[in-house]
Amino acid sequence: MKTIRLTTAQALIKFLNQQYIEFDGKKQKFVKGIFAIFGHGNVLGLGQALEEGPGELEIYQGRNEQGMAHAAVAFAKQKHRKQIMACTSSIGPGAANMVTAAATASANNIPVLLLPGDTFATRQPDPVLQQIEHYHDLTISTNDAFRAVSKYWDRISRPEQLMTAMIHAMRVLTDPADTGAVTIALPQDVQGEVYDFPEYFFKERVHRIERRVPTASDLKDAVELIKRKKKPIIICGGGVRYSEAADVLKRFSEKFNIPYGETQAGKSAIESTHAYNLGGIGVIGNLAANLIAKEADLVIGIGTRYSDFTTGSKQLFQNPEVDFLTINVSEYHAYKLDAVKIVADAKLALLALERELEAIGYRSSYTSEIEAAKDAWKTELNRLYEIRYKEKGFTPEVAGHLDEVLPEFHESFGSCLTQTEVIGLVNQLIDEDAIIVGAAGSLPGDLQRMWVSRKSNTYHMEYGYSCMGYEISGALGVKMAEPDKEVYAFAGDGSYLMLHSELVTSIQEGKKINVILLDNAGFGCINNLQMENGMGSFGTEFRYRNPETGRLDGELMKIDFAQSAAGYGVKTYKVHTLKELKEAIEDAKKQTVSTLIDIKVLPKTMTHGYESWWHVGIAGTSNNPKVNEAYLKKENNLKKARKY
Ligand SMILES: Cc1ncc(C[n+]2csc(CCOP(=O)(O)OP(=O)(O)O)c2C)c(N)n1
Ligand SMILES: O=C1C[C@@H](O)[C@H](O)[C@@H](O)C1=O
Ligand SMILES: [Mg+2]
């Protein structure tokens with residue numbers, strides 16, 4: 001047996017360079033590059049290996065481990081999981097910073113390879129700087145925190161363990177049914193330890209992403225169910241995009257006259273204007289999708305994990321005859337809602353169903369309902385685009401909460417922009433093939449409802465974990481995946497403040513991203529949520545501590561976000577009017593550096609509620625009668641929801 005003498009870290013990098021994937025007969029390199037923030041836990045092991053022999057891996061310098069790992073997640077998501085990035089961190093805090101991103105990857109089923117440094121396997125020294133030391137179990141380190149958020153976790157305590165660990169890492173990273181974060185913890189001494197690795201460990205490996213074929217019996221059950229149903233609705237989930245099944249779904253919907261609603265992950269698989277595309281469905285869905293969903297007698301969920309946002313906390317589908325048919329590569333998701341299942345690849349399942357339904361001449365019995373629902377939503381959308389603030393007699397979309405704050409905001413910020421008119425104008429002005437990125441706050445709701453995707457795969461929303469701070473890091477990852485397109489991160493002021501460090505990396509790498517920052521001086525959507533459920537405005541507006549009350553109910557904080565980003569070399573704009581917004585977008589398009597448009601928007605002017613309900617925990621007793629009322633309302637809604 002021929003061997004190659006290498007350190008563990010050198011062997012790992014050599015191995016990563018030899019991994020390929022094959023999908024539909026097309027072969028490509030699987031690991032594009034590696035984000036690194038070096039510390040004592042990885043610089044002399046993995047860092048040395050990367051300096052000496054990176055192979056074809058591109059090496060990027062992150063700013064915050066969470067941010068860089070989110071960029072890696074976004075890269076893989078935009079690549080439809082066909083190519084990934086790795087991330088290396090030091091031990092302790094550097095590693096801990098990646099835990100959130102690991103969770104984001106796993107919740108969204110997006111592959112990412114995380115390589116945190118770990119404490120010494122030899123325990124020489126003991127403890128090393130940043131080691132926690134659990135008195136009852138010295139084998140526990142910060143990296144054990146990744147176990148809860150990874151789809152595969154391993155620790156390399158001896159160099160030879162690397163071989164099985166990496167083979168399993170690749171198995172999970174390329175498994176469409178169960179991919180997510182893979183964490184390989186690397187004790188810092190082991191990274192530099194030498195071993196005679198067999199040459200065959202480094203042979204070229206092609207991991208075939210197989211399309212799981214539907215079984216005849218699954219298909220038979222599905223056809224039996226569909227042919228009894230008159231008003232089916234499809235839910236187009238992220239699986240449609242990852243399986244590249246959009247064209248087949250489009251044809252399927254047309255042939256059998258079946259409309260579809262989009263989840264956050266599925267949106268933009270097919271352009272919004274397609275006649276059967278109802279748009280966003282669920283808690284933050286629109287009127288068209290939610291009205292059709294209410295009446296549907298069959299829900300065909302394709303590549304969706306049926307989150308509470310998608311099913312309206314299992315209360316959206318109100319037809320007493322409603323049944324569920326699920327097409328999913330994951331048995332776990334397929335078993336939900338007591339559905340009839342086709343456990344298979346979305347594209348193959350749709351093609352097979354198409355043949356069967358054609359053979360029996362199936363067609364749903366919708367006549368004008370789909371068009372009527374779409375038209376009604378179009379009218380509503382136009383109304384949302386046109387909402388203009390008036391000093392007198394203005395009722396915001398989210399009315400009756402903080403009506404008195406609007407004049408105060410208008411005066412303090414010198415802006416009277418509403419969130420819906422801003423979204424409408426941005427949607428109208430940016431390129432058709434530009435990609436928008438988002439994750440948290442009120443924007444995902446507004447965008448799922450309002451955004452008109454004119455080209456496929458131009459909507460990139462992380463809503464499996466809805467992690468604040470993904471927006472800007474994610475935009476960088478998307479730009480790395482699609483460097484020829486303009487990329488726009490939609491971020492609230494809260495999300496921007498939580499994490500925007502990779503904006504600097506975008507400048508460093510010359511990867512232009514555009515930040516559309518909507519500053520409403522607070523955690524707006526959470527303020528809505530608390531006030532809708534009877535609470536007062538508590539801890540969610542950005543106000544100074546008031547010396548008179550001792551509370552956070554002083555004046556509104558005015559933050560110059562444009563100035564903060566300008567300091568990094570970002571081209572910035574301050575926007576208070578639609579005219580300024582138009583000029584800023586047009587100028588931003590001409591720039592080669594990253595841009596940020598600091599837009600002051602009135603609170604409470606986001607979209608609100610379209611025939612859906614979100615189940616949230618509410619206090620069962622309170623001195624506040626409004627909270628008690630909200631609790632009773634919740635209990636009543638719960639009665640209308642499916643139990644499982
Ligand atoms: C990391 C993280 N922490 C907390 C939350 C809970 N959360 C969801 S939205 C939100 C406020 C978002 O505020 P902002 O970004 O300003 O958006 P807005 O709702 O005002 O549009 C919070 C705290 C989250 N989603 N992610
Ligand atoms: O708690 C939340 C409420 C949602 O409206 C928001 O989009 C999401 O980020 C969240 O965490
Ligand atoms: Mg905000």
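The values are calculated or read from the model by the stated rules, or taken from the named source; none is laboratory data. Just so you know, these numbers come straight off a predicted model, no measurement behind them. Ideal geometry is used to build each Cβ from the backbone, glycine not excepted, and the neighbour counts take in all protein chains shown.
General observations
- Neighbours by Cβ (under 6 Å, 6+ apart or cross-chain): first from the range 526-548, over 15 Å from residue 404 (Cα atoms); second within 13 Å of ligand 1 (Cβ to nearest atom) and of a type in the set (Gly, Ala, Ser): 540/522; 542/521; 542/522
- When the range 454-463 is limited to residues that are of a type outside the set (Asp, Glu) and either in a loop (DSSP other than H, G, I, E, B) or farther than 16 Å from residue 283 by Cα (or both), the one that is nearest to ligand 1 (Cβ to nearest atom) turns out to be 463.
- For the range 521-557, residues that are surrounded by 14 or more Cβ atoms within 10 Å (Cβ to Cβ), of a type in the set (Asp, Glu) and away from ligand 1 (no atom under 16 Å from the Cβ) total 1.
- A count restricted to the range 421-444 and to residues that are away from ligand 2 (no atom under 16 Å from the Cβ) and touching a residue at least 40 places away in the same chain (Cβ under 8 Å) stands at 11.
- Residue selected from the range 464-483 under the condition part of a loop (DSSP other than H, G, I, E, B) and either within 11 Å of ligand 2 (Cβ to nearest atom) or touching a Ser or Thr at 6+ places or on another chain (Cβ under 9 Å) (or both), by the criterion nearest to residue 108 (Cα to Cα): 464
- Positions within the range 339-378 being of a type in the set (Lys, Arg) and assigned to a helix (DSSP H, G or I), in sequence order: 347, 355, 374, 378
- Just one of the numbered conditions (1) touching a helix residue (DSSP H, G or I) at 6+ places or on another chain (Cβ under 7 Å); (2) in contact (Cβ under 8 Å) with a residue 40 or more places away in the chain is not true of residue 163: (2).
- Against the conditions (1) touching a strand residue (DSSP E or B) at 6+ places or on another chain (Cβ under 9 Å); (2) farther than 16 Å from residue 473 by Cα; (3) crowded, with 24+ Cβ neighbours inside 10 Å, residue 40 satisfies every one except (3).
Residue by residue, here is whether (1) at negative phi; (2) more than 12 Å from ligand 1 (Cβ to nearest atom); (3) among the charged types (D, E, K, R) holds:
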| site | (1), (2), (3) |
| --- | --- |
| 493 | yes, no, yes |
| 501 | yes, yes, no |
| 510 | no, yes, no |
| 519 | yes, no, yes |
| 559 | yes, no, no |
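- Any hit, the range 255-273, residues being free of Cβ contacts under 8 Å to residues at least 40 places away in the same chain, within 26 Å of residue 458 (Cα to Cα) and assigned to a helix (DSSP H, G or I): no
- Screening 365, 330 for residues that are within 22 Å of residue 254 (Cα to Cα) and either among the polar types (S, T, N, Q) or in the same structural domain as residue 245 (by the TED database) (or both) leaves exactly one candidate, 365.
Conditions tested, residue by residue: (1) within 22 Å of residue 586 (Cβ to Cβ); (2) at pLDDT below 95; (3) small (Gly, Ala, Ser).
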position	(1), (2), (3)
432	yes, no, no
481	no, no, yes
492	no, no, yes
499	no, no, no
514	yes, no, no
532	no, no, no
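- Subset tally (residues that are in a loop (DSSP other than H, G, I, E, B) and in contact (Cβ under 8 Å) with a residue 12 or more places away in the chain) for the range 305-328: 13
- Within the range 287-345, the only residue that satisfies the criterion of being closer than 13 Å to residue 233 by Cα, aliphatic (A, V, I, L, M), touching a strand residue (DSSP E or B) at 6+ places or on another chain (Cβ under 8 Å) and surrounded by fewer than 22 Cβ atoms within 10 Å (Cβ to Cβ) is 322.
- Boolean, residue 167 is over 25 Å from residue 71 (Cβ atoms) and at pLDDT 95 or above: yes
- Restricting the range 577-603 to residues that are touching a helix residue (DSSP H, G or I) at 6+ places or on another chain (Cβ under 7 Å) and closer than 23 Å to residue 398 by Cα, the residue that is surrounded by the most Cβ atoms within 10 Å (Cβ to Cβ): 601
- Condition met for residue 560 (under 30 Å from residue 434 (Cα atoms), within 14 Å of ligand 3 (Cβ to nearest atom) and either in contact (Cβ under 8 Å) with a residue 24 or more places away in the chain or of a type in the set (A, V, I, L, M) (or both)): no
- Filtering the range 445-467 to residues that are over 17 Å from residue 500 (Cα atoms), within 16 Å of ligand 3 (Cβ to nearest atom) and out of contact with any Cys (no Cβ under 9 Å at 6 or more places or on another chain) leaves 446, 447.
- When the helices (runs of 4 or more DSSP H) confined to the range 493-591 are screened for residues that are more than 16 Å from ligand 2 (Cβ to nearest atom), touching a strand residue (DSSP E or B) at 6+ places or on another chain (Cβ under 9 Å) and closer than 25 Å to residue 604 by Cβ, those reaching at least 1 such residues are found at 561-566, 578-590.
- Residue within the range 449-458 that is more than 10 Å from ligand 2 (Cβ to nearest atom) and aliphatic (A, V, I, L, M) present: yes
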